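A.B. asks: Below you will find the structure I want to go over with you.
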Amino acid sequence: MGTTLYQKIWDAHAVSTLPSGETLLYIDRHLVHEVTSAQAFEGLRLSERTVRRPDLTFATADHNVPTDADRLNVKDILSRTQIETLKRNCAEFGVPYYGLESARQGIVHIIGPELGITLPGQTMVCGDSHTSTHGAFGSLAFGIGTSEVEHVLATQTLRSVPSKTYSVEVNGTMPLGVTAKDVILRVIRDIGTGGATRQPGREEVLVQRRQRAEREAATLQPGYLLHHAPCLCLGLQDALRLREQRRPRVREGDAAPLAMEQRRP
C-alpha cells in the first residue's frame, strides 16, 4: 500500500520521537487570534522567551469583531480588551498583525488562503477548533489549545501523536440543493464523531465547498480532514504566484529543513 498524503506530510515534518512516544512536529504556519493567545503571550513574557519564528506567525482579530457597519467601534468591553491586547502583544513580539484597520483583516481561516499563507503540504496550527478548514488546500492543520499556542510560539514545534487514516470516496455529482455540508454530515452520521482522519478523493469539488467540509470536520475526532490539492484550484495558484517573492523561508539551523522551495504548488 502506498503512503498517504497525511503520512507524507507527517514524516516530512517529524523532528524527533519523544520518550513519551509523541512526535515533535515542525510547524510551517501559526495563525493567531485574540481569544486564545493572550495567556500564551503572557507565558512567553513570564518565562522571558521570544517568538521563535514571528515571520511564520500571522495574527488577526476576528472572533470579537462586530459585523455591523460600525465595526471599528467595539462596544463590548471584554471583546475590545481582547482585540487591544492582541495588538499590543503582536507589536511587542514582532508578529504580523492584521487589525481592524487593515484591508487584510478577516476570519482567520479565510485570510490564510486569501493571502497565500495556506499552502499544500505544510503543517498549520491555530488556537481554534475550525483550523481543519485549511485541509481543503492540502495542509495538515491542527486546532490547538492555549498552552500549545505558547509552545508553538516559543519553539515552532508541536507535540502530537500520529493518527490512523482511511479514505472516504464520494462518487457522482451532487444534485441541486445538496451541499458539501450535507455530504460531510452524512459521513459523520455513518462513521460517528470518532471517525479518525480522511482523504476524500473528489478533486472536482470547489474550494469553497472543500472549506465547508473541512470546517465541519472539526466535529469529528481527531478533528481534521485532508484533501489532495488539485490543479483546478486556480485561486490558490494565483495566490501562490502573487506571494512567490515574499513567502518566508526556513532559516538555517531550524529544527527541520523544510524550506518552502521543497513544496510543490
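A.B. asks: Leaving out ligands and nucleic acids, and using a 1.4 Å probe, what accessible area per residue does the stretch 11-93 come to in Å²?
C.D. replies: Per residue, the stretch 11-93 has 50 Å² of solvent-accessible surface.
A.B. asks: How much length is gained on full extension from THR81 to ASP68, taking 0.36 nm per residue of separation minus their Cα-Cα distance?
C.D. replies: Roughly 2.8 nm would be gained on extension.
A.B. asks: Sticking with this one: Going by the alpha-carbon gyration tensor, a ≥ b ≥ c the square roots of its eigenvalues, is the stretch 64-123 rounded (a/c under 1.5) or, if a/c is not under 1.5, prolate (a/b greater than b/c) versus oblate?
C.D. replies: Oblate, because a/c is 1.5 or more while a/b does not exceed b/c.
A.B. asks: How long is the gain from THR50 to SER129 if the chain were fully straight, where each residue apart is worth 0.36 nm and the alpha carbon distance is subtracted?
C.D. replies: Using 0.36 nm per residue and subtracting the Cα-Cα distance, I get 25.9 nm.
A.B. asks: Would you work out what percent of the accessible area of the stretch 65-187, with all protein chains in place, is carbon or sulfur (probe 1.4 Å)?
C.D. replies: Solvent-exposed carbon and sulfur of the stretch 65-187 make up 56 percent of the total.
A.B. asks: Something else now. Where Lys and Arg each count +1 and Asp and Glu each count -1, what net charge lies around ILE144 among other residues with Cβ under 12 Å from its Cβ?
C.D. replies: Once all neighbours under 12 Å are counted, the net charge is -2.
A.B. asks: Give me the extension gain from GLU42 to VAL161: residue separation times 0.36 nm, minus the current Cα-Cα distance, reported in nm with one decimal.
C.D. replies: Result for the pair: 40.2 nm of gain on full extension.
A.B. asks: Right, another one. In whole percent, what relative contact order does the stretch 4-89 give with Cα contacts below 8 Å and a gap of six or more residues?
C.D. replies: Value for the stretch 4-89: 27 percent.
A.B. asks: If you don't mind, there's one more thing I want to ask. Would you calculate the separation in nanometres between label points at ALA103 and THR146, each defined as 7 Å from the Cα along the Cα-to-beta-carbon direction?
C.D. replies: 3.5
A.B. asks: Still on this model: Over the stretch 76-170, what number does the Rg to Rh ratio reach, with both radii from the alpha-carbon atoms and Rh per Kirkwood?
C.D. replies: Result for the stretch 76-170 is an Rg/Rh of 1.00.
A.B. asks: Cα to Cα, under 21 Å, and not fewer than 8 places away if on the same chain: which lysines meet these conditions relative to LYS75?
C.D. replies: Cross-link targets: LYS87.
A.B. asks: Let me ask you something else. Residues with beta-carbon under 11 Å from that of SER16, excluding SER16: net charge, scoring Lys, Arg +1 and Asp, Glu -1?
C.D. replies: Combined, the nearby Lys, Arg, Asp and Glu give 0.
The values are calculated or read from the model by the stated rules, or taken from the named source; none is laboratory data. The model shown is predicted, which means the values in this text are computed figures rather than measured ones. For neighbour counting, all protein chains shown are included, and Cβ atoms are generated from backbone atoms with ideal geometry for every residue, glycine included. The accessibility values were calculated without ligands, DNA or RNA, using every heavy atom of the protein model including side chains. Shrake-Rupley method; radii C 1.70, N 1.55, O 1.52, S 1.80 Å.
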